[in-house]
Each structure stands twice: as C-alpha cells, then as structure tokens.
Amino acid sequence: MSRSYSFRVPASTSNLGAGFDALGLALDRYLKVRVEMAGVEHEIVVRGVDAASIPTTSDNLILRVAKSVAAQRKRPLPPFRITIDNEIPLARGMGSSAAAIIAGITCYELGTKEQLSEQEIFHYAHEFEPHPDNLSAALRGGLITATESANGDVLIAKMQVADGVKPIVVIPAFELSTEKARAVLPQTYSRRDAVYNIQRSTLTVAALTTGNLLLLREAMRDRIHQPYRAALIPGFEEILALKVPGLLGVALSGAGPTVFAFAKPANAKSAGREIASVFEKHGVRATPLAVNIDSEGRSIAEGER
C-alpha cells in the first residue's frame, strides 16, 4: 500500500501598502497538492486556475524546488506523482510563487521523511524567492511581519487581526511579473519618503491588531513602490483615490497588478465591484473577490490508498 499525502499552501498578499517587503497576509485561496509515493518518475497533473500555464515537466517550480533541496542535502528524491489543484492566479501579486516554493519543500520533506526546521525551509526557499514576506505568510498563515537578521535567519512575528475587517482582492485580466514591477523602482529614496513609510507601516500593524480600522486609509498609503508601479496598472491611481462606503484602505497586492483592500464586512462586495469598475473603465476586465484571512498556513494530512 503506497503512502499518499495531501497538503495545501495559502495565497498571500504582501506590503499592505507601506510595509514594503515586510508585511504579509495569508488568504483563503490555496495551492492544493496530493502526493502519491509511487511510480518510476516524477509525474505531475495540474487542475484549476491557470492550469494551462503550469508546467507538467521538469520546469515545474514545485518539482524544481524539491529536486534542489534533495541535491543540496544529498538525499535521493523518490518517485512520486503530484496532483495540483490550484486556486491562486499566476503573476498577479497573490503569492503564487511563494506557495509553489513552500509546496516544493514540502514534497521533499514528504518524499524523504525528513522534517526541516523553519530556518532550513527559509534557507532553501530564498534561493528561489529572496523576500520573506510572502514566504512567511504561506508557511505560517495570518498577518506576518518578517525580516532577515545579519546572520541570515528569518525572524517572524505572527499577529491576530481584529474583528470587523474583510479582505478584498480585485484581480485584473493581465499578468505582471515581479521582475518587471521591481525594475521600475528607484535605487535610492529620500529620508522623508523612508520615514513616511516607516510611520505608516507601523500604523498599519497597530490598526489591524487593535481594531482601530479607521486608521487604515492613511496607514496604507505608500511612497516606496506604488507611485512607481502605477504606470504599469491602468486606473490604479484612480483606485487609490476611491471613497466608497465601507472601504477602509487600498493597496497593490504585492507587486500587482491585483488590488488588495480592506473593507467593512457589510460593504466588501460592493467595494470590490467599485474597484473592478475602475479597471473596466480603463479597458481591463477584473474579478472582485471578498476573501478571508487564512490563519493556519501550510497544512499537511496523511492518508493511504
């Protein structure tokens, strides 16, 4: 009887406006994977969102990560069949790469029966994605603030978001690579802009954890990345200026082009439609979704067949 496992890794949004490369939030859209320890090679089956864009060959990111970890740890990676059921849009700023990287490390752990420490997970993950915000949210769930110490350790604080706030993602029908979105950023910033973002990123954490949600509109303003990326996203500056009932704060989700927002629960769907209507006014189809915060992070279950 062959071993099989099922696990899931959540989507994530990062930055939350001013918390550039520091804040992350896990969302209840998932990369779901079933691993069956059987066969003579590494077989991949893909279903779900953007399935046609997910390779089933050796180029698959999950498999590449699993093989990389095995090679570095000098462990054989046994043959397995993985079935991917994806709910996370690719190249939209919702942590699809981070979820796949955590999934690849998980496949290594399940295949070799070797449980890695959290720092080992980040060590191998950083070879594929050097920023801890999405990775931390994908692994741990919840609201995360993360940094990397001088010796390379990733330091994480996981926090509880107060009641009374509903996350929204509005997903436009075009992709934007993180590399392209980072390429438009300047190499240096003024002290004034740095202080502006430090103040607002700390205010964002305070607002979300204490329930003082009316602070979010100002707290989620940013001068480090959003002004430079706005030209890549039709209608984004107009979206930032929206004032509609129950809309508490708006930002790019990660590097974009998805827009992330917090709203009062009763107004979440209508606020999402208002954001989508701005995209559509600029000739871009967009899908608004009221989502939930995932508080669990990566979740693994074992079964046999």
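Summary table
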quantity	calculated
Matching residues, segment 233-254, being of a type in the set (A, V, I, L, M, F, W, C) and touching a Lys or Arg at 6+ places or on another chain (Cβ under 7 Å)	Leu248, Leu252
Output for segment 1-44, where each listed residue is more than 21 Å from Ser201 (Cα to Cα) and open to solvent by 40 Å² or more (accessible area, probe 1.4 Å)	Met1, Arg3, Ser6, Arg8, Arg29, Lys32, Arg34, Gly39, Val40, Glu41, His42, Glu43
Failed criterion for Thr13 (all others in (1) β-branched (Val, Ile, Thr); (2) in a loop (DSSP other than H, G, I, E, B); (3) within 15 Å of the chain's Cα centre (by Cα) hold)	(2)
Lone unmet requirement of (1) open to solvent by 20 Å² or more (accessible area, probe 1.4 Å); (2) assigned to a strand (DSSP E or B); (3) not basic (Lys, Arg) for Ile82	(1)
Test: residue in segment 103-118 that is crowded, with 17+ Cβ neighbours inside 10 Å and in contact with a Gly (Cβ under 8 Å, 6 or more places away or on another chain)	no
Some residue of segment 10-26 being touching a Phe, Trp or Tyr at 6+ places or on another chain (Cβ under 7 Å) and more than 17 Å from Thr258 (Cβ to Cβ)	no
Every pair of residues 6+ apart whose Cβ atoms lie under 7 Å, when the first sits in segment 183-206 and is among the aromatic types (Phe, Trp, Tyr) while the second is open to solvent by 60 Å² or more (accessible area, probe 1.4 Å)	Tyr196/Arg223
Extreme residue, nearest to Ala98 (Cα to Cα), among residues of segment 233-289 that are within 22 Å of the chain's Cα centre (by Cα) and of a type in the set (S, T, N, Q)	Ser253
Residues of segment 123-162 that turn out to be in a loop (DSSP other than H, G, I, E, B), among the small types (Gly, Ala, Ser) and either open to solvent by less than 50 Å² (accessible area, probe 1.4 Å) or in contact with a Pro (Cβ under 7 Å, 6 or more places away or on another chain) (or both), as a count	5
Subset tally (residues that are part of a loop (DSSP other than H, G, I, E, B), closer than 17 Å to Gly93 by Cβ and touching a Gly at 6+ places or on another chain (Cβ under 8 Å)) for segment 17-47	1
Unique match (being of a type in the set (A, V, I, L, M), farther than 29 Å from Ile62 by Cα and within 20 Å of the chain's Cα centre (by Cα)) among Val154, Val161	Val161
Residue in segment 296-305 that is farthest from Ala99 (Cα to Cα), counting only those that are open to solvent by 80 Å² or more (accessible area, probe 1.4 Å) and assigned to a loop (DSSP other than H, G, I, E, B)	Arg305
Count of segment 133-168 residues which are over 20 Å from Leu208 (Cα atoms) and touching a residue at least 12 places away in the same chain (Cβ under 8 Å)	6
Flag if Thr57 is open to solvent by less than 20 Å² (accessible area, probe 1.4 Å), more than 22 Å from Ala137 (Cβ to Cβ) and among the polar types (S, T, N, Q)	no
Every residue from segment 93-122 that is under 18 Å from the mean Cα position of the chain (by Cα) and at pLDDT below 95	Gly93
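The values are calculated or read from the model by the stated rules, or taken from the named source; none is laboratory data. All figures in this text were calculated on a predicted structure; none of them were measured in a lab. Note: ideal-geometry Cβ built from the backbone for every residue, glycine included; neighbour counts use all protein chains shown. Just so you know, the surface numbers come from the protein's heavy atoms only, side chains and all, with ligands and any DNA or RNA stripped out. Shrake-Rupley method; radii C 1.70, N 1.55, O 1.52, S 1.80 Å.
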